[in-house]
Amino acid sequence: MAERVDPNLVKQIEQYGKGAWADCFHCGNCTGACPLTEEKVLFPRKSYTDIQLGLKDSLASSIEPWLCYYCGDCSKQCPRDANPGETMMILRRYLTSIYDWTGLSRKFYVSHWWEYIAIFIVGLAVTLLLTVVNPNGIVMELTSSGGVQINKMFPVEWVHLGDTIMGLCIGGLLISNIFRMYYFIILKDKTLKIPLLSYITGIKDLMMHFATQKRFKECDNKSYWGIHWILMTSYSLMFVIIMFFLPWFQTEEVHNWYHPQRMLGYYATFGLMLGIIYFFVLRIRKEHEVSKNSHVSDWIFLILLFLSTLSGILLHFFRIYGLPVATYYMYVIHMAVLVPMLVVEVPFSKWSHLAYRPFAVYFSQLKKSALLKQHRG
Ligand code: SF4
Ligand code: SF4
């Protein structure tokens, strides 16, 4: 059955960023210039066809925007300044909101006020939990003496329980959205018959792409990949420590600087700061295609990451220099920034792209194996 045309598709996509879609006349230069395009996966031109014709279902089932790593080569070659690289970026935002069944992703991308309010509400809830609900409330402790007793003030078992609940919610939302991505890309196409073995053999590649995001390397700008990778591993390391190893990380004892607990923390902090400064400078200078068109959500993510890292560094120094009041206040500030960043960014916004990209490669390989089987059979 022919696909129904949605005449409002352009208007819907414009809410995620401005693009010159009508200007594309399908010369194919962008596809020719793209270092990542392959036979049967012709992007970015195919996405222009979907947008111009209002093929909403075709767009929702497309993998192409996730296979693009925004090197910008296509935009430089476009004779109509239709900026295909940025179009891929806009479509990643749009698809993120299509996969998200809660509708929050759409709200956060379309109105930054929704994102500010969500961050404020989660931050306020965390602050109240740590100060008012916490039986060792900060006001009581300010009058006491006896050095920094972080686990007495914020019992690690309670904090760990809280972050486990948060992790389960975030993970559940992200997994359910990935399943919806799978539905749109694979399940909805009834002609696709994926060999069971392909699901299993593709897992190795999925893990590898998740850990390395190595398709970035195929673009010319290698330093972009390198720093993005350091930022991603630092961010993921912190996430894993907080979610699974908090009792090992939040100890009363201050270990020597070479203790693995501190070394891992220093690596993550260094990687985060390096990545944050690099991407701030890139976005402010606007010299590369990838940084010429920053969306509000790009800035919100970077600012939250910066505040979480800075408050984490200050917390660490206040603690090792034995300043209890400053440590407790900074702990609350750190959590009031870190938790909203995780809750808002991981399932609904910028961070979710890190999960969708490797799954897109996985689904693309599944599709290829189905087509190969059809061809042979
Ligand atoms: S190079 Fe520009 S005009 Fe040509 S197909 Fe790509 S987006 Fe369209
Ligand atoms: S930005 Fe780079 S990877 Fe993305 S479509 Fe254009 S040329 Fe390909």
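Those helices (runs of 4 or more DSSP H) of the stretch 208-305 in which 3 or more residues are within 16 Å of ligand 2 (Cβ to nearest atom) occupy 222-244. Pairs meeting the criteria (first residue in the stretch 73-86 and closer than 13 Å to residue 291 by Cα, second residue near ligand 1 (Cβ under 9 Å from one of its atoms) and among the hydroxyl-bearing types (Ser, Thr, Tyr), beta carbons under 8 Å, at least 6 apart or on different chains) are 83/75; 85/75; 86/75.
Just so you know, in the stretch 3-36 the residues that are under 29 Å from the mean Cα position of the chain (by Cα) and among the aromatic types (Phe, Trp, Tyr) include one that is nearest to ligand 2 (Cβ to nearest atom), and it is 21. Checked against (1) buried (at least 21 other Cβ atoms within 10 Å of the Cβ); (2) among the charged types (D, E, K, R); (3) under 21 Å from residue 179 (Cα atoms), residue 107 passes all but a single condition, namely (1).
Just one of (1) among the aromatic types (Phe, Trp, Tyr); (2) within 23 Å of residue 190 (Cβ to Cβ); (3) within 12 Å of ligand 1 (Cβ to nearest atom) fails for residue 48. It is (2).
Here the helices (runs of 4 or more DSSP H) wholly within the stretch 1-117 that include at least 2 residues being hydroxyl-bearing (Ser, Thr, Tyr) are 45-53, 84-99, 104-110. Just to be sure, is residue 345 crowded, with 17+ Cβ neighbours inside 10 Å and within 21 Å of residue 88 (Cα to Cα)? Yes; evaluated as a whole, the condition is true for this residue. Could you grab me the full set of residues in the stretch 23-38 that are buried (at least 19 other Cβ atoms within 10 Å of the Cβ) and within 6 Å of ligand 1 (Cβ to nearest atom)? Once the filter is applied, which keeps residues that are buried (at least 19 other Cβ atoms within 10 Å of the Cβ) and within 6 Å of ligand 1 (Cβ to nearest atom), the stretch 23-38 yields 24, 30.
Here residue 148 meets each of (1) assigned to a helix (DSSP H, G or I); (2) not assigned by TED's automatic domain parsing to the domain that holds residue 27 with one exception, condition (1).
The values are calculated or read from the model by the stated rules, or taken from the named source; none is laboratory data. Bear in mind the structure is a predicted one, so any value in this text is a computation, not a measurement. Methodologically, a virtual Cβ is constructed for each residue, glycine included, from the backbone with ideal geometry; neighbour enumeration extends over all protein chains shown.
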